[in-house]
Amino acid sequence: MSGISDTERMITLKTVEGTLFDVKSSIAKDLKTVQAFIDDSDDDVTSPIPLPNVFTRELSRILDYLNNHHRFRSGIEKADEEMARYDAEFAKSMSHEELKALILAANYLNVKDLLEFLNQTVADVIQNKSVEFVRNFFGIENDYTPEEEEKLRNENEWAFNGVEQD
Amino acid sequence: MSMESLPDALLQYILSHISNARDVAACNCVSKRWKDATTYVRTLYFPRNSFDNPSSGEIPDNIVQRMVSNVVKLEELVVYSPFSPSGLASWLSLVGQSLAQLELRMDNLADNQASRESPSKLDCIGAAKNLVSLKLWGVLMINSPKWDVFQNLSTLEIIGARLEDPVLTVVLLACPYLKRLLLLGCEGVRSISIELPYLEECKLDFYGLGNCSLSLISPKIESLEVQGCSWIRVPETGHLKKLSISNSSGRVYMIDFGNLNVLEFLSMRGVQWCWDAICKMLKLASEVKHLFMKVEFTGDFEALQPFPEIDFVEFFNSHPKLQKFDIHGAMFAALCQRNSLKHVDPGFVIPCLEEAVITVRSPLNAEQKISTLESLLKYGKNLRTMVIKILQMKSCHTSADDFFDEICRLRYMNHEKVRIE
């Protein structure tokens, strides 16, 4: 299709709740799952692409992040500082629940940079927390037997002093 | 929404960001899947107080070993907690091949025993053959370590060390591909000759009497900082952009450098520099953009002497690219002697100077000093900021007050540019 530049093409995405988002194809490229879908399609994709695992709240945040980062990268030199500030605010603005939800969405959509950033943020949250906190945060069930648990606790006793309690 | 639905790869990816050994230990206890996932941690960091409350029955060296063995392909190991040579040897036998970065708090400066232990902690480090970066704190280096050449080592940092010259030579011989060398707070060096063909950044901080001799032959050197040497020879300086020489305890008396055609930043600091060394340095640094001068005195022998007169015009003409000038110590006084402004004429220009920071130490020669400050403002066509720092003037004489008044008047007349601190 000649005459229309790539960056102007719009892709429509549909979340679980049925909300439609119009996204520039240059942004859609960062949603690798979506891009793969587009690449695999024989014809131009005109109808909305359904995202059965992605909720409106998450998609909205992801697009927000990508739009801002694209803006920073294409703009002025001092963008690094602004970007760092934006990232810090972005991470702070979410509750732990929202952070988890966003990781799952970003993983599904395969948004590399955002995923890296979110994973680092989660790793930072885990820092210096108790085992119970981590289990609660991730909704993990303890699959150790009481004996195994006892053994592990003893082995790792050195690590548990001075740790933040929940 | 549970994270249990996280694929293994994602969990491993998240956990690979965790580096504090305590957090890794906590993650190991969370669940079996998590214990498997911590295998992919890339860095293990043991803070100083890791083993202040040790587990019953297991010594710290073994705990570290257990955690290191649980990781597949460890890239970086940082241990600030105390350890023994045999402990270190056991860890490196597990990860010596894959380890790229090693940082250790050796803590044996006060040790006299250490020199007799064989193999020593230093010796053991040789097992990490593929290191890219090595950083050691508090090292006693009076016995040459038995090292083969580190083929991949590009950064070596030693902070807080007691050295002996021949040992340092042996150490550097084992690191011929170094690009960055930092020796900070090192005691015991007298004379060192460094030949590192790939070295780009070098920072040497020798403390003691301030009379070390340094010879550095590294044609690619771009940034060099030296503290504590009185004799410095760096013949190949074609790429040197940043140079800082200081000596807070001894006298700088001989500097021998190649051309400084690309030098942008020069800092000269110290209690006393021989006049010859000062002149040579200033002459070589003709292209410099930022000059920081804080040499208190000159003089070739014990006696501390003020700088002789410096001609204002000649100085700025020989440093035409100067954008920022920090004038502390004896330099300002030298520019304010009776004939310093002799050659100033209306056509004179200081073309690039944008910022000047000047420390005024005494009210002597007050009139001359004001003239020099005024000349800077008048002929520095691009001067945007002048900061005048006034040290406590010892004299209670009214001359000090008068002088201060004059400076305030200068500031008032040039309030957009001049600031007093």
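The values are calculated or read from the model by the stated rules, or taken from the named source; none is laboratory data. Given the structure is predicted, the values throughout are model-derived calculations rather than measurements. Don't worry about glycine lacking a Cβ; one is built from the backbone with ideal geometry, like all the others, and counts go over all protein chains shown. For the accessible areas, the whole protein counts, side chains as well, though only heavy atoms, and no ligand, DNA or RNA atoms are used. Shrake-Rupley method; radii C 1.70, N 1.55, O 1.52, S 1.80 Å.
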Exercise. What do you reckon, is residue B:155 among the polar types (S, T, N, Q) and either under 16 Å from residue B:104 (Cα atoms) or touching an Asp or Glu at 6+ places or on another chain (Cβ under 6 Å) (or both)?
Worked result: yes
Problem set entry | residue B:336 buried (at least 17 other Cβ atoms within 10 Å of the Cβ), assigned to a loop (DSSP other than H, G, I, E, B) and touching a residue at least 40 places away in the same chain (Cβ under 8 Å) | no
Problem set entry | Single residue of B:165, B:205 found to be charged (D, E, K, R) and more than 24 Å from residue B:277 (Cα to Cα) | B:165
Problem set entry | Sole residue being among the hydroxyl-bearing types (Ser, Thr, Tyr) and within 20 Å of residue B:279 (Cα to Cα), chosen from B:340, B:399 | B:340
Problem set entry | Of the criteria (1) at the interface with another protein chain (Cβ under 10 Å from one of its Cβ atoms); (2) more than 25 Å from residue B:24 (Cα to Cα); (3) touching a Phe, Trp or Tyr at 6+ places or on another chain (Cβ under 8 Å); (4) not hydroxyl-bearing (Ser, Thr, Tyr), which one residue A:83 fails | (1)
For this session: Please state which one of B:154, B:193 is under 15 Å from residue B:216 (Cα atoms), hydroxyl-bearing (Ser, Thr, Tyr) and touching a strand residue (DSSP E or B) at 6+ places or on another chain (Cβ under 8 Å).
Result: B:193
Seminar exercise, completed: Over the stretch B:259-302, the set of residues open to solvent by less than 60 Å² (accessible area, probe 1.4 Å) and either free of Cβ contacts under 8 Å to residues at least 24 places away in the same chain or over 24 Å from residue B:220 (Cα atoms) (or both) is B:270, B:271, B:272, B:273, B:274, B:278, B:279, B:293, B:295, B:296, B:298, B:299
Exercise. Here are some residues: B:153, B:134. Which one is surrounded by 16 or more Cβ atoms within 10 Å (Cβ to Cβ), among the aliphatic types (A, V, I, L, M), touching a residue at least 24 places away in the same chain (Cβ under 8 Å) and assigned to a strand (DSSP E or B)?
Worked result: B:134
Problem set entry | the stretch B:60-77 - residue that is of a type in the set (A, V, I, L, M, F, W, C) and free of Cβ contacts under 8 Å to residues at least 40 places away in the same chain and, of those, nearest to the other protein chains (Cβ to nearest Cβ) | B:63
For this session: Could you please find all residues in the stretch A:130-140 being within 23 Å of the chain's Cα centre (by Cα) and within 7 Å of another protein chain (Cβ to nearest Cβ)?
Result: A:134, A:135, A:138, A:139, A:140
Exercise. Just wondering, is there one or more residues in the stretch B:350-357 that are buried (at least 20 other Cβ atoms within 10 Å of the Cβ), assigned to a strand (DSSP E or B) and not small (Gly, Ala, Ser)?
Worked result: no
For this session: Tell me, please, whether a residue that is part of a loop (DSSP other than H, G, I, E, B) and out of contact with any helix residue (DSSP H, G or I) (no Cβ under 6 Å at 6 or more places or on another chain) can be found in the stretch B:167-175.
Result: yes
For this session: Please enumerate the residues belonging to the stretch A:34-55 that are in a helix (DSSP H, G or I) and closer than 18 Å to residue A:10 by Cβ.
Result: A:34, A:35, A:37, A:38, A:39
For this session: May I ask you to verify whether residue A:58 is within 14 Å of chain B (Cβ to nearest Cβ), free of Cβ contacts under 8 Å to residues at least 24 places away in the same chain, part of a helix (DSSP H, G or I) and under 11 Å from the mean Cα position of the chain (by Cα)?
Result: no
For this session: Hey, can you tell me all the residues within the stretch B:274-313 that are over 23 Å from residue B:236 (Cβ atoms) and in a strand (DSSP E or B)?
Result: B:292, B:293, B:294, B:295, B:296, B:297, B:298, B:305
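Would you check which residues across the stretch B:305-326 are under 27 Å from the mean Cα position of the chain (by Cα) and open to solvent by 60 Å² or more (accessible area, probe 1.4 Å) and list them?
Listed by number, the residues that qualify are B:321, B:323.
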Seminar exercise, completed: residue A:155 fails exactly one of (1) among the charged types (D, E, K, R); (2) open to solvent by 50 Å² or more (accessible area, probe 1.4 Å); (3) within 25 Å of residue B:49 (Cβ to Cβ); (4) at the interface with another protein chain (Cβ under 7 Å from one of its Cβ atoms), namely (2)
Seminar exercise, completed: Within the stretch A:23-50, the count of residues that are open to solvent by 50 Å² or more (accessible area, probe 1.4 Å) and of a type outside the set (Ser, Thr, Tyr) comes to 11
For this session: Those residues that are open to solvent by less than 60 Å² (accessible area, probe 1.4 Å) and on the phi < 0 side of the Ramachandran plot, I need them from the stretch B:137-150; list them, please.
Result: B:139, B:140, B:141, B:142, B:144, B:145, B:147, B:150
Problem set entry | Any hit, the stretch B:63-79, residues being closer than 29 Å to residue B:155 by Cα, assigned to a helix (DSSP H, G or I) and of a type in the set (Lys, Arg) | yes
